[in-house]
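Student: The structure that follows is given in the form of structure tokens.
The values are calculated or read from the model by the stated rules, or taken from the named source; none is laboratory data. Quick caveat, the model's predicted, so the values are computed rather than measured. Backbone-built Cβ (ideal geometry, glycine too); neighbour counts: all protein chains shown. Accessible surface is based on the protein model in full, side chains and every heavy atom, while ligands, DNA and RNA are left aside. Shrake-Rupley method; radii C 1.70, N 1.55, O 1.52, S 1.80 Å.
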Amino acid sequence: MSQVIGKPINRVDGRDKVTGKAKYAAEFQVPGLAYGYVVSGTIAKGKITRIDTSEALSLDGVLQVFTHENRPRLAWFDISYKDQDAPPGSPFRPLQDATIKYSGQPIALVVAETFEVARYAASLIRVEYKEEPHETSLEANLHRARPQKHGVADLLKPPPPKPKGDFNTVYEESPVKMYGRYSHAAEHHNPMELFASTVVYEKGGKKPKLTIYDKTQGVTNSILYVSQVFDIPFKNIRVLSPYMGGGFGSGLRPQYQLFMAVMASLELKRSVRVTLTRQQMFTFGHRPATVQNVAISASADGAMNALYHDARGETSRFEDYTEIVTNWGGMLYPPENVTQDYKLVPLDVYTPLDMRAPGGVTGISALEIAVDELAYELGMDPLELRLKNYTDLDHNSQKPFSSKELRACFQQGAERFGWSKRQFEPRSMRKGHNLIGWGMATGIWEANQMPARAEAALLVNGKLWVSSATADIGTGTYTIMTQIAADALGVPMEDVLFKLGDSDFPVAPISGGSWTAATVGMAVHSACEAVGKSLLELAKKLAGSPFKGAKWEDIEFADRQLRLKREPTTAVSLQTLVDLNGGKAVRETSTGLPNALKQKDYARATHSAAFVEVMVDEDLGTVKVTRAVSAIAAGRILNPKTARSQILGGMVWGISKALHEESILDHNVGRFMNHNLAEYHVSVNADIHDLDVIFVEENDTIVNPLGIKGVGEIGIVAMPAAVANAIFHATGKRVRDLPITLDRLI
Amino acid sequence: MNSFTYTRADSVEHAVDERVAETGARFIAGGTNLLDLMKETVEKPSRLIDITRLPMTSITETIEGGLRLGALVTNADTAYNKRVQERYPLLSQAILAGASPQLRNMATNGGNLMQRTRCYYFYDAATPCNKRQPGSGCSAIEGFNRIHAILGTHLFDQEGRALEPQCIATHPSDMCVALAALEAVVQVTGKYGERTIPFAEFHRLPGNTPHIDNALEPDELITAIDLPPNGFADNHMYLKLRDRASYAFALVSVAAGLELDGDTITNARIALGGVAHKPWRKPEAEALLVGKPTTQESFQAAADALLAGAQGYGANTFKIELAKRAIVRALGQAAKLEPTE
Ligand SMILES: Cc1cc2nc3c(=O)[nH]c(=O)nc-3n(C[C@H](O)[C@H](O)[C@H](O)COP(=O)(O)OP(=O)(O)OC[C@H]3O[C@@H](n4cnc5c(N)ncnc54)[C@H](O)[C@@H]3O)c2cc1C
Ligand code: SF4
């Protein structure tokens, strides 16, 4: 019975968030808290030859300064430092030794009685370096591109499939073809909330007890990391992360403030908080810059026959961060001759990190501009070309999609936007100095599900308590899990208390890749079902029970009751049942597992079509996205309101990526220079105008029984290319480098 | 941020005395720029002299028929002041093109004049910067200089040979561009008493001493800014081009004011922002417009003259052409030949 799933329900945590009751990692107050301030390195490569902390140490209120010279002994092997999202390689270890691997590297931690003293003391630390030449430019080092190292990361991020057919010959001989070289700069996640860890120290038996409030997209990841690096048993650690002021992928790996805070706490035997500064938010993972080449050819009627897509992405010298950049063409389009290639260029930077639709928005941006270019080579409407090359098969795996309502996205999106009125010729619409253009693009993202666990308990007061160690990174997890639990046991939302972000709860994977809704949703559903089954057993024990012979299939839950499906008046209240349980809650823990057997013959993905109108000032190059429509096929939409917010956020970010976002890496100093929110430009309100979201019907019984696919990333994927294509339509200028700032248009 | 002492000044004289007594002391008004610089350890004042209680908080008439803007009136209160809006809409427009509502509510007029460049390298103590640390070099010239200056960066030795510039930073203010066009006058008080500084002489070019932004002596306090009677209220335009529609500094901005007799220009003012170490004016270029009709050709000639001698440093070279187009557009808008949106 679906009562609340599918309804546009307000966030259950909304009130706490807007009233400030919701607390974030740096806001938990503990008596006797000491404050750590990280000192960041200033060179990109070399060695620290001297680090003088004496002046800092002599300040009143300074407790200790930790550097590579005096840090405690820590775990020896790389494996201990590997978190759940660690790519192949050797993880960065803060304060490991005198080596500097990238600019902004944390080189010391000052701990003091107050934040202000710690910060001041940090400015008194004198560091001398022996600099070595560094390489930070992707463009200048493309010749060093090499294949990625392989590891477990390949499971989620498979390298491109082997070439098929004969790209070169077919491309050469084709009547219509395009080739383009595309690039974009590095970008930083820049969530509003700064990374912070508050470590509460208590004396334990042999080892101390730590309660850690951490900003993370996975408390399980943090507890694992802390336990391994500092050799403390799980049972002595509890990691909490009830709220997150934006993640976008930045919290998928434990950031170095966690290491610093735990180290200081253990050494000083005190509670310690470390909060990074905005500038330091530019000193860890980021979306890697890439350079891509795309070539597509077609027969004269527009049928694609050959596709080439390569990408060179930056990574660090110590880890091989990879993402799926070039596999998408083979998933979206049917040409027989395909070469997809992906290589890495190690540079003296920190390891990149997943950022909303990692690889997807990167690769699709290039691919979908390329498809637009092909349409113009053909003289064919860009939407027409996509319909001409529509396929229900993932041509990489040769498997059909479990569901794919992209055609409906095209139709409904085009209809809402008014695409049929578009004139093919660029520069065909104008208003005063403004050229107006319409562009569109396709999006695709994977629909994954991981294993996860959840606990459900029908409490003696009849309320339903549900928990899982997952995260709500701002997406609405609290709300949709409450909905799923409420429907599973037929209770109103206000009877459900869903809790997350606590490592004491049943384990769940890091929250990313758009898989949380399906992953944790299925775990919650399954735990609630387990409670339901126990309740049925209790119901059978009622004197003269009408449920004696009832099987699971025969009953349903509604109106706080367990009842017979065929005879809903035969019902017993849940309160009555839990009262039978000897004063105890009816409690079950269960695992939600993807049904591999069912899934294995299918490719699983969400799809989108984005339509964008821009106005470009012909003389001044300023771009305004006046309206955009995104039509989304993402399986079952659990909550159209929170889902719409996800898509809107993705659309805004897509516009931002197309027009504004860029982490400026100065290669002379090897350092990101615009490391603040005044100079790292994201779209502001004044940049965003009319946005429209359509969810098309998509039933999918293969992804999981609830038909959930996830909506976290699909909203951004198609947007940058749609913006770029609209700019081409407006101006006749094809810009292949993002962001499209006004200097690229005048 | 370093530790500092704090004094609340109770009179202009008190503020000046405190400043004279301690070279490391700094005035603090809205704090929107100074506090950021302190957190980045670019500014390390030994004492903060809080001037926010001083009686410089009103907008009054001058005997000449202009307005006097108190140095402590906030940018927001100035922009939304009725008399300013009616008589100096160019100033109002310029202020509202800057920063964000929250910042404008805190920022003061005096502080706006004194705000420092937004050059990335200036803000990051890890990089060489002649303005922050004289003699350390300029990272921007060979570095990322997309937001930097194209005018007034040249340096010559005594024989007139070109030298490597010392600094290519811009002054980031919007308000100051309008004040330059309006030929405002800065009222200051120092240990030797009061004096006035014409706006064109207030900010300076970097020359060999890029660490000095302006003509204010260390002991001097800005008390007010005087606006002359002519506010070019009928024909004006502040056009700001930036990387997003709000909350970004100008890549190029133009403050234009015209007086017209029919289609003929009788008086013109043009100031540019985002292109130099100070709001950029060139009276010769303005003179070219006088007696001319309000046509593209007249505007273009003025634009070419204003940008004469401009030099790009790579990433910012686009600004030369952009500035010309912006001038032509802004003059057209000021002459009401073009819509302002
Ligand atoms: C994120 C951000 C974006 C911004 N965007 C823009 C923009 O787009 N356009 C724009 O024009 N500005 C912009 N600003 C700058 C803003 O306008 C200035 O920071 C503000 O005007 C400074 O005023 P204040 O009163 O806060 O100065 P404070 O920070 O208090 O002081 C700045 C300096 O002025 C000195 N000072 C202050 N008052 C006096 C006085 N009366 N006499 C002598 N010295 C004095 C102080 O000693 C200090 O050195 C932005 C600022 C920020 C932080
Ligand atoms: S332009 Fe000026 S402020 Fe910027 S680095 Fe060079 S000297 Fe410093």
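Student: Of A:Gly670, A:Leu638, A:Met651, whose Cα points farthest to the positive end of the dipole of region A:630-682 (charges on the beta-carbon: +1 Lys, Arg; -1 Asp, Glu; origin at the Cα centre)?
Tutor: Value computed over the given set: A:Leu638.
Student: Now for a separate question. Quick one: dipole size for region A:283-412, taken about the Cα centre, charges +1 on Lys/Arg Cβ and -1 on Asp/Glu Cβ, in debye to the nearest 20.
Tutor: Working: 10 positive and 19 negative charges, 48 e Å.
Taking the Cα centre of region A:283-412 as origin, the dipole is about 220 debye.
Student: Quick one: what does P(r) look like for region A:450-593 with 5 Å bins over all Cα pairs, in whole %?
Tutor: 2, 11, 21, 22, 17, 12, 8, 4, 2, 0, 0
Student: Sticking with this structure for a sec: Mind jotting down the distance between the C-alpha centroids of region A:410-442 and region A:156-191, whole Å?
Tutor: Centre-to-centre (Cα) distance: 26 Å.
Student: Calculated from DSSP H runs of 4 or more alone, at -39500 (n - 2.57) each and per residue, what is the 222 nm mean residue ellipticity of chain A, nearest 500? Before the final figure, lay out the partial values.
Tutor: Numbers: 18 runs with 181 residues, N = 746.
It comes out at -7000 deg cm²/dmol, rounded to the nearest 500.
Student: Explain nothing, just compute: Karplus ³J(HN,Hα) = 6.51 cos²θ - 1.76 cosθ + 1.60, θ = phi - 60°, for every residue of region A:682-695 in order, whole Hz, x for Gly and Pro.
Tutor: 10, 4, 10, 3, 5, 8, 10, 10, 7, 10, 10, 10, 10, 9
Student: At 1.4 Å probe size, what's the solvent-accessible area of A:Lys598? Round to the nearest 10 Å².
Tutor: 90 Å²
Student: I need the shape label for region A:277-331. Rule: rounded when a/c is under 1.5, else prolate if a/b > b/c, else oblate, with a, b, c from the alpha carbon gyration tensor.
Tutor: Numbers: a/c = 4.06, a/b = 3.08, b/c = 1.32.
It comes out prolate by the Cα gyration axes.
Student: Taking 41 Å as R0, compute the FRET efficiency from the Cβ-Cβ separation of B:His14 and B:Glu284 and round it to 0.05.
Tutor: Details: r = 44 Å, r/R0 = 1.08.
Approximately 0.40, to the nearest 0.05.
Student: Give a residue-ordered list of calculated ³J(HN,Hα) values for region A:548-564 (Karplus: 6.51 cos²θ - 1.76 cosθ + 1.60, θ = phi - 60°; whole Hz; x for Gly, Pro).
Tutor: 3, x, 6, 9, 3, 5, 7, 10, 9, 10, 7, 6, 6, 9, 9, 8, 7
Student: Which whole DSSP H helices in chain A pass both tests: a Cα extent of 30 Å or more along the axis and a mean Kyte-Doolittle value no lower than -1.0? Don't skip to the answer; put the middle values down first.
Tutor: Working: long enough: A:516-540 (35 Å, 0.70).
In chain A, the long hydrophobic H runs are A:516-540.
Student: I've got another one for you. Quick one: which residues, 5 or more positions from A:Ala452 or on another chain, have an amide H under 5 Å from its amide H? H modelled 1.01 Å from N in the peptide plane, none for Pro or chain starts.
Tutor: Here the answer is A:Gly592, since their amide H atoms fall under 5 Å of that of A:Ala452.
Student: In addition: Could you work out, residue by residue across B:244-252, how many beta carbons of other chains sit within 10 Å of that residue's beta carbon, and then give the average as an integer? Provide the component values of the computation, followed by the final result.
Tutor: Working: counts 12, 12, 5, 8, 7, 2, 0, 4, 2.
What the average comes to for B:244-252 is 6.
Student: Further question on the same structure: Where does each of A:10-21, A:561-572 land if you order them by average Cβ count within 10 Å, highest first? Present the calculation step by step, with values, prior to reporting the outcome.
Tutor: Numbers: A:10-21: 13.6, A:561-572: 15.7.
Averaged packing, sorted descending, gives the order A:561-572, A:10-21.
Student: Further question on the same structure: Of A:Lys177/A:Lys733; A:Lys541/A:Lys565; A:Lys548/A:Lys584; A:Lys404/A:Lys565; A:Lys235/A:Lys499, which sit over 25 Å apart, Cα to Cα? Don't jump to the answer; show the numbers that get you there.
Tutor: Details: A:Lys177/A:Lys733 18 Å; A:Lys541/A:Lys565 19 Å; A:Lys548/A:Lys584 22 Å; A:Lys404/A:Lys565 33 Å; A:Lys235/A:Lys499 20 Å.
The answer is A:Lys404/A:Lys565.
Student: Distances over 13 Å make up what percent of all Cα-Cα pairs in region B:1-53? Mind dumping the intermediate values first?
Tutor: Working: 733 of 1378 pairs.
Within region B:1-53, distances greater than 13 Å cover 53 percent of Cα pairs.
Student: P(r) of region B:236-334 in 10 Å steps, Cα pairs, percent per bin?
Tutor: The percentages, shortest bin first, are 17, 52, 25, 6, 0.
Student: Out of A:Ala603, A:Leu497, A:Ala527, whose Cα points farthest toward the positive end of the dipole of region A:490-628 (charges: +1 Lys, Arg; -1 Asp, Glu; placed on Cβ)?
Tutor: After comparing all options, I get A:Ala527.
Student: Still on this model: Show me A:54-65, A:514-525, A:279-290 ranked by packing, highest mean number of other Cβ atoms within 10 Å first. Walk me through the intermediate numbers first.
Tutor: On the way: A:54-65: 16.3, A:514-525: 28.9, A:279-290: 24.7.
Ranking the peptides A:54-65, A:514-525, A:279-290 by packing returns A:514-525, A:279-290, A:54-65.
Student: Compute the Cα gyration tensor for chain B, then decide on rounded, prolate or oblate, letting a ≥ b ≥ c be the square roots of its eigenvalues: rounded whenever a/c is under 1.5, prolate when a/b is larger than b/c in the other cases, and oblate in all that remain.
Tutor: On the way: a/c = 1.83, a/b = 1.21, b/c = 1.50.
It is oblate, given that a/c is not under 1.5 and a/b is not larger than b/c.
Student: Let me ask something else. When only the heavy atoms of the protein chains count and the probe is 1.4 Å, how do A:Met481, A:Met429, A:Met331 rank by accessible area, highest first?
Tutor: Working: A:Met481 0, A:Met429 45, A:Met331 25 Å².
Sorted by accessible area, descending: A:Met429, A:Met331, A:Met481.
Student: Among A:Pro720, A:Gly89, A:Leu374, pick out the residue whose Cα is farthest towards the positive end of the charge dipole of chain A, where Lys and Arg carry +1 and Asp and Glu carry -1 on C-beta, about the Cα centre.
Tutor: So the residue we want is A:Gly89.
Student: Would you kindly compute the Cα radius of gyration of region B:179-240 and its largest Cα-Cα separation (Dmax), both in Å?
Tutor: Answer for region B:179-240, Rg first and Dmax second: 13.9, 41 Å.
Student: Next question. Which value, in debye to the nearest 20, describes the size of the charge dipole of region B:1-53 about its Cα centre when Lys and Arg Cβ atoms bear +1, Asp and Glu Cβ atoms bear -1, and nothing else is charged?
Tutor: Numbers: 7 positive and 9 negative charges, 25 e Å.
With only Lys, Arg, Asp and Glu charged at Cβ, the dipole is about 120 debye.
Student: While we're on this one: State whether chain A is rounded, prolate or oblate according to the following rule on the C-alpha gyration tensor (a ≥ b ≥ c being the square roots of its eigenvalues): a/c under 1.5 gives rounded; otherwise a/b larger than b/c gives prolate, and the remaining case gives oblate. Kindly include the intermediate steps, with their values, before the conclusion.
Tutor: Working: a/c = 1.87, a/b = 1.06, b/c = 1.77.
Since a/c reaches 1.5 but b/c is at least a/b, the shape of chain A is classed as oblate.
Student: Using 7 Å Cα-to-Cβ label points, what is the B:Glu22/A:Asp154 separation (nm, one decimal)?
Tutor: 6.5 nm
Student: Can I ask one more? With r defined as the distance between the Cβ atoms of B:Thr60 and B:Met1 and R0 fixed at 30 Å, what FRET efficiency is calculated, to the nearest 0.05? List each step's numbers first, then the result.
Tutor: Details: r = 37 Å, r/R0 = 1.23.
The formula returns an efficiency of 0.25 here.
Student: Next question. Using the Cα centre as the reference, give the magnitude of the dipole from point charges on the C-beta atoms of region B:236-334 (Lys, Arg: +1; Asp, Glu: -1; all else neutral), rounded to the nearest 20 debye. All intermediate terms of the calculation are to be shown ahead of the outcome.
Tutor: On the way: 12 positive and 9 negative charges, 98 e Å.
For this selection, approximately 480 debye.
Student: Please enumerate, by chain and number, the lysines with C-alpha under 18 Å from the C-alpha of A:Lys343, excluding those fewer than 8 residues away in the same chain.
Tutor: Answer for A:Lys343, where 18 Å is the Cα cut-off: A:Lys149, A:Lys157, A:Lys162, listed by chain and number.
Student: Another question, if that's okay. Enumerate the calculated ³J(HN,Hα) couplings along region A:619-633 in order (Karplus 6.51 cos²θ - 1.76 cosθ + 1.60, θ = phi - 60°), each rounded to whole Hz, writing x wherever the residue is Gly or Pro.
Tutor: Rounded to whole hertz, the list is 8, 9, x, 6, 10, 10, 8, 6, 7, 8, 10, 10, 9, 10, 10.
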